[in-house]
Amino acid sequence: MENYLLYIAIASATIASPGPGVILSISNSIRYGFFGAASGIFGVAIAMLGIAIISATSVAVILASSAFAFTILKYIGASYLIYLGIKIWRSSSKFDVTNKNAIKSNKHKFTEGFLITLLNPKPIFFFMSLFPQFINPNENYQIQFLVLATTFSFLVVLIHCIYAAFAKASRSKLSSQKGSKIISRVSGSFYIFFGLGLAASNK
């Protein structure tokens, strides 16, 4: 495997860029605290690992060669983001930071993180274009691929946790009724924006 440190730098910059997953981690941290955001972060990371695996299979080839298949997945992902944005926008009540229904809440947050990542086809093409640049053809492909994929997922957890930690620091100022409404409006708007942007994109 070649230029591993360069791969880490590129992957870190990509993960740190504002996107649906980052917004979800920040929003969850403000709403539920740092540990309350963990389930959503793991949902994003596991979905990314799954996408990395998909990018090395025939599914990626089908999506890359079939405009219809890509369009269907793109609109499903866009619809889910818009739905989630509208749902968050309308949820303007004071953040519930109690442990009531914690198990159900964690499952729900994990599912949200997993779906907003898995239903976006763009990471597949990102991995398809990125991985070959760091694969040494003279070495075992499977091992190199596994290292790159797991590294990316680990970086997702690390960077999203950093975002969540900073968001938690502002939690006390934003957990009021007014602050809750602001976060709901801003987070919801971002999801709707990402959804519309995904639907309007050509690739």
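Suppose we keep only residues that are assigned to a helix (DSSP H, G or I) and buried (at least 16 other Cβ atoms within 10 Å of the Cβ) within the range 82-101. Which one would you say is modelled with the lowest pLDDT?
Ile88
Hey, does the range 127-134 have a residue that's buried (at least 21 other Cβ atoms within 10 Å of the Cβ) and either within 15 Å of Ile53 (Cα to Cα) or not small (Gly, Ala, Ser) (or both)?
Yes; the residues of the range 127-134 include at least one that is buried (at least 21 other Cβ atoms within 10 Å of the Cβ) and either within 15 Å of Ile53 (Cα to Cα) or not small (Gly, Ala, Ser) (or both).
Take the range 1-32 and flag every residue that is among the polar types (S, T, N, Q), modelled with pLDDT of 85 or more and in contact with a Phe, Trp or Tyr (Cβ under 8 Å, 6 or more places away or on another chain).
Ser25, Ser29 - these are the residues of the range 1-32 that are among the polar types (S, T, N, Q), modelled with pLDDT of 85 or more and in contact with a Phe, Trp or Tyr (Cβ under 8 Å, 6 or more places away or on another chain).
Cβ contacts < 9 Å: first residue on the phi > 0 side of the Ramachandran plot, restricted to the range 29-51; second residue surrounded by 23 or more Cβ atoms within 10 Å (Cβ to Cβ) and modelled with pLDDT under 95, any location; separation 6+ or different chain. Result?
So the pair list comes out as Gly33/Ala164.
Please specify each residue of the range 33-62 satisfying the condition of being buried (at least 22 other Cβ atoms within 10 Å of the Cβ) and at pLDDT below 85.
Ser55
Just one of (1) surrounded by fewer than 18 Cβ atoms within 10 Å (Cβ to Cβ); (2) modelled with pLDDT of 90 or more trips up Ser176, so point out which.
Of everything listed in (1) surrounded by fewer than 18 Cβ atoms within 10 Å (Cβ to Cβ); (2) modelled with pLDDT of 90 or more, Ser176 misses just condition (2).
The values are calculated or read from the model by the stated rules, or taken from the named source; none is laboratory data. Computed from a predicted structure; not experimentally measured. We place every Cβ from the backbone using ideal geometry, glycine too, and count neighbours over all the protein chains shown.
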